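What follows draws every value from the coordinates through simple rules; no lab data is involved. Owing to the predicted nature of the structure, the values given are computational and were not obtained by experimental measurement. Because the Cβ atoms are built from the backbone with ideal geometry, glycine has one as well, and the counts that use them run over all protein chains shown.
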Amino acid sequence: MAGGINGRTKICGIFGRPVEHTFSPALHNAAFAAAGLDYAYVPFEVSPGSLAAAVEAIRALGLAGVNVTIPHKEAVLPLLDGLSDEAELTGAVNTIINRSGYLYGDNTDGKGYLRALKEAGFDPADRTVLFLGAGGAARAVAVQLALAGAGKLVFANRTAARASGLSRFVAEKTGVRVELVSWPDGADDKLPEQTLAEADLVVQATSLGMSPNVNETVPLPFEVFRPGQVASDLVYNPVETLFLKKAGQAGATAVSGLGMLLHQGALAFELWTGVPAPLEVMREALVKELSNR
Ligand code: NAP
């Protein structure tokens, strides 16, 4: 924000718990300043028992909008006045827009992921996607890829029941073709070579490899990766994970989770302000924040 907070400043923020480590204030405040907008973004630590009161405060205090993060993304749905298709389909909201007291919930995680993928020149239409992991991030990305016309989604997850639950969910909601592959049992076992060879896009959606555990990664036969395949990690810290390094060395195009983080924020910025997001400023702000951690 250029001239400091004043009587006209519009306030955005994030509801979550914990919020001490969030990148969003740095991301959005840099963007507001670069766009010359009189907006400010602040973190709000909200406990589950206070979520309803916090949502009501968006109206009472006239906040322009908020992001919603762990543990409130699902619990917030019934407290809102309207939902986007993505929010309804995934059952999760990460962005609330205050339209003169009407609170609209959207989910920019999946759409942000798709923008990052397009930036890397990949169109998921009719392609085969292998998912490693079946948590909340995998769900947002899987639904979005199915909506974008992906041909087949293949899921592998350490907890098999979670992979089958997610695959059923996405198939029922979108009609996409799904398959399951077992997560390797033994310490030296790997996923089948054929499963990896047949995938056009491999989405690393587990938390393996996230700082400080940077030497961990998923059990894949990495030598099978080839040029033309895209290896996409949802983990963004570090920017280049061991998964991306090894897939890239074998010839695949590596796409960092930083792109999804950037674009989900850029989409929220655009929903609140109606102005195109200053992407390069936001990217620099994220990289700077990451280098300070
Ligand atoms: P989540 O719901 O807790 O799911 C975690 C996933 O990781 C599950 O599939 C879990 O398997 C798997 N996992 C955890 N530890 C494992 C291990 N030791 N071995 C094998 N699998 C393991 O988390 P989430 O919200 O989906 O987030 C997943 C990752 O995506 C995180 O690193 C997060 O930072 C990142 N993320 C990035 C963005 C972005 O904008 N780039 C957005 C959201 C999330 P089980 O089911 O067996 O436990």
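Report the charge-dipole magnitude of the chain in Debye, nearest 20, computed about the Cα centre from +1 at each Lys and Arg Cβ and -1 at each Asp and Glu Cβ.
300 debye
Go through 235, 47, 292 and say which Cα lies farthest out towards the positive end of the charge dipole of the chain; charges sit on Cβ, +1 for Lys and Arg, -1 for Asp and Glu.
47
Semi-axes of the equivalent ellipsoid of the stretch 111-256: what are they in whole Å, largest first, if each equals the square root of 5 times a C-alpha gyration tensor eigenvalue? Let's see the in-between values first.
Details: eigenvalues 84, 63, 43 Å².
After diagonalising the Cα gyration tensor, the semi-axes are 21, 18, 15 Å.
Could you name the lysines in cross-link range of residue 190, using Cα to Cα under 18 Å and dropping any fewer than eight places away on the same chain?
Within the straight-line cut-off, residue 190 pairs with 245, 246.
Taking the Cα atoms only, what angle lies between the long axis of helix 24-35 and the longest principal axis of the chain, rounded to 10 degrees?
Roughly 60 degrees between the two axes.
Set Lys and Arg Cβ to +1 and Asp and Glu Cβ to -1, take the dipole of the stretch 123-217 about its Cα centre, and tell me which of 142, 183, 169 lies farthest positive.
Value computed over the given set: 169.
Counting pairs of alpha carbon atoms under 8 Å apart in space and at least six apart in sequence, what relative contact order in percent does the stretch 111-256 give?
21 percent
Picking from 81, 188, 126, which is most flexible by a Gaussian network model of the chain using Cα springs under 10 Å?
Comparing 81, 188, 126 in the GNM, the peak value goes to 188.
Once the Cα atoms of helix 160-174 and of the chain are each reduced to a long axis, what angle between those two axes, in degrees from 0 to 90 to the nearest 10, is obtained?
Tilt relative to the chain: about 70 degrees.
Full extension from residue 53 to residue 171: what is 0.36 nm times the residue separation minus their Cα-Cα distance, to one decimal in nm?
Here the answer is 38.9 nm.
Per residue of the chain, what 222 nm ellipticity follows from adding -39500 (n - 2.57) for every DSSP H run with n ≥ 4, rounded to the nearest 500?
Values: 10 runs with 111 residues, N = 293.
Taking each H run of at least 4 residues, the total per residue is -11500 deg cm²/dmol.
In degrees between 0 and 90, to the nearest 10, how far off the longest principal axis of the chain does helix 258-273 point, with axes built from Cα atoms?
Compared with the principal axis, the helix lies near 30 degrees.
If you look at just the Cα atoms of the chain, how large are its Rg and its Dmax in Å?
19.3, 62
Mind putting a number on the dipole of the stretch 1-145 about its Cα centre? Charges go on the C-beta only, +1 for Lys and Arg and -1 for Asp and Glu, and I need it in Debye to the nearest 20.
In debye, rounded to 20, the stretch 1-145 gives about 220.
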